[in-house]
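One structure is given here, and the rest of the page talks about it.
The values are calculated or read from the model by the stated rules, or taken from the named source; none is laboratory data. Worth saying up front: this structure is predicted, and the values here are computed from it rather than measured. Here the Cβ positions follow ideal geometry from the backbone for every residue, glycine too, while neighbour counts run over all protein chains shown.
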Amino acid sequence: MSLNKFMHQRNRYKNKKPSFLDLALKYPEFRAHTTQDESGKVFLDFKNAEALRALTTCLLKEDFGLSMELPSDRLVPTLPLRLNYIHWLEDIVGKEENKWGIDIGTGASCIYPVLAASMNKWHFLATEADDENFVYANKNVSANNLQDYINVLQVTSEDILVAPLQSFTQTNKFDFCMCNPPFFADHLEAQAITNTRSAQRPEAGSVSTASPQECIAQGGEVGFIRHMIEESTVLRDKIRVYTSMVGKKSSLQHLKEDLKHHKVAKYSTTEFCQGKTMRWGIAWTYDPTVHFPKSSFEARKEKPPLQYIIPRGAGGVDYKVHEIAAYLQSLLESIKFHCYQGKKAKSYTSITLTAVENTWCHQRRFRRQQKQQLMSLQTYAVKPINSEPSPQKAEVITAESSPKKAEVITAESSPKKAEVITAESSPKKAEVITAESSPQKAEIMSESIPLIVENRSAESNHSQVTQKRVLETADEHITSEPKRSRSDSVSDNATSACVNGSAKINTTNFSPSKKNDSNEPESQELNKSLTDSSPTEYILKCVLRLKLVDEQVQLELEWLGGESRELMHQVLTFIKNKLTVPVGKC
Ligand SMILES: C[S@@+](CC[C@H](N)C(=O)[O-])C[C@H]1O[C@@H](n2cnc3c(N)ncnc32)[C@H](O)[C@@H]1O
């Protein structure tokens, strides 16, 4: 199962996976590790460490403008995971510039400091115990002109925080520290992790690239983080927030026990979700004013989705999942929801809803205000269409709307004749006014009667929806091709293609044109996936599902994220109000 829907909402790879085709066309070093099948799809061999190295360095160049040199015998950082960690830190300490952080064990890439300094202008003390990694980390800082932001310090493997801070004089207060610790206690544990993978779990999608000195430490990750916790009891508020990544869920319980034992002011854990891999984050502080965000992965488990049985006759549409879905989508789009079509089957559909502002509360008051505004506009800008004054038809001319004439019929101007058509009063008759059909009308109508909905046919509505495609990863690494099935995963395909030596790409017959071949269904889907322009900053994101259960259409709203679940309850109330069936119409 792909965990990408739980990737941090600001992670740039959450909704937009990289195009392997574009990368291969642009970067020969990446192309050298790819294969292309007859349909033009590009595959990367995730079991080849060099291929992973090329993927990371090319993405750093392409997406962040960073030049990175990675030694062939050291860990290759995977970007979605590293970004998830940085975004979690931003949620805790804020995104403002000039924060000070410590990265314990920065690696050859110096990945966290380099990314965070270039994204947020954060300053870092980066420590490293391995000679080769220390040399490369410095090289990577200089290659990206980040010396003013990052200081790399060589330490011994017994040092964690206290000793490095004693020798560092640029600041004596830090906003946070972070760490991706060596995970294993010894070679046996490293092997055991690989060997105990259950038969149900798919084989690891990508090869491990870490050298023993990078992934093994006395006591494994629990031992390493325990050491951090102990040193934090000495340093206390010198570092406002202490954090670390955790590779095994089972480690969390031991660490939480330690934190309780040391009576830290607060602690929290989170999930880093990417591809098929989950990692965890643990944070603690001695400052009670620190606020830890709630993990969206956990939040989804805490509360079941909201449910509602759609009454027959609601919305004036046929009692069918897709008819009701089209009606609801129009309704929600009319109040500025961003709707994104997800999975769709015969009696099932799901739509991801994203709202950037609250448009569903106080609709009555909002309409009244809008009507008042319209009336005051009319008192100075209304002139009769005919030479004789006619209260039924009036022409509203506004500076913004258009120099052209726009016609508005209001209930007030002609209470008897003017019919204000709303979806509620007559869903079937509701006038279809779209920006395309009548830009001027649409503009005024949308301001004056915000709840008018277009009663589009399901068919026309369906043509506008796009198929959601989630970012696929082989473990933490990013793949760009759509997944087919669990047992036929992209990475496995890519790997077998490589192992069998088929379809090796060469620079001369590499085929860029196939990407836009509109006759090719999968490439169409891939292109569509890039059209998901869901807002990344939002107050509410949830999934709306409609399914047929015992001949009844059931609606579900499942929380994905946002300011509070209360907003989702309000949206359900709004939907219910719109779906109330007038007496006698069932
Ligand atoms: C799992 S790697 C993480 C590298 C990098 N931060 C990343 O996320 O890709 C752990 C790193 O910690 C380094 N290391 C081990 N013990 C250390 C210590 N006591 N102080 C600083 N670095 C240490 C290792 O050499 C290795 O580079």
Mind listing just one residue for me: the one in the range 166-185 that is within 14 Å of the ligand (Cβ to nearest atom) and part of a loop (DSSP other than H, G, I, E, B) and, of those, modelled with the lowest pLDDT? Ala185
So which residues in the range 53-74 are modelled with pLDDT of 95 or more and surrounded by 19 or more Cβ atoms within 10 Å (Cβ to Cβ), if there are any at all? Arg53, Ala54, Leu55, Thr56, Thr57, Cys58, Leu59, Leu60, Leu66, Met68, Leu70
The range 27-51 residues that are within 19 Å of Lys61 (Cα to Cα), paired with ones that are hydroxyl-bearing (Ser, Thr, Tyr) (beta carbon under 6 Å, 6 or more apart): Leu44/Thr34; Ala49/Thr209
Among the residues that make up the range 58-66, is at least one of them among the aliphatic types (A, V, I, L, M) and either within 25 Å of Gln154 (Cβ to Cβ) or more than 15 Å from the ligand (Cβ to nearest atom) (or both)? yes
Output for the range 234-252, where each listed residue is β-branched (Val, Ile, Thr) and surrounded by fewer than 20 Cβ atoms within 10 Å (Cβ to Cβ): Val234
Just the residues that are more than 20 Å from the chain's Cα centre (by Cα) and within 12 Å of the ligand (Cβ to nearest atom), please, taken from the range 80-112. Ile102, Asp103, Ile104, Gly105, Thr106, Gly107, Ala108, Ser109, Cys110, Ile111
Look at Ala199 and say whether it is within 12 Å of the ligand (Cβ to nearest atom), in a loop (DSSP other than H, G, I, E, B), modelled with pLDDT under 95 and of a type outside the set (Phe, Trp, Tyr). no
Output the residues belonging to the range 134-165 that are part of a helix (DSSP H, G or I) and free of Cβ contacts under 8 Å to residues at least 60 places away in the same chain. Phe134, Val135, Ala137, Asn138, Val141, Ser142, Ala163
Search the range 131-160 for residues being near the ligand (Cβ under 9 Å from one of its atoms) and surrounded by 20 or more Cβ atoms within 10 Å (Cβ to Cβ), and hand back the single one that is nearest to Ile225 (Cα to Cα). Ile160
Please enumerate the residues belonging to the range 253-279 that are surrounded by fewer than 19 Cβ atoms within 10 Å (Cβ to Cβ), in contact with a Ser or Thr (Cβ under 6 Å, 6 or more places away or on another chain) and of a type outside the set (D, E, K, R). His262, Ala265
All positions within the range 113-130 that are within 16 Å of the ligand (Cβ to nearest atom) and of a type in the set (D, E, K, R): Glu128, Asp130
Residue pairs within 7 Å by beta carbon, gap of at least six or interchain, first lying in the range 91-110 and modelled with pLDDT under 95, second within 6 Å of the ligand (Cβ to nearest atom) and hydrophobic (A, V, I, L, M, F, W, C), listed first then second, are none
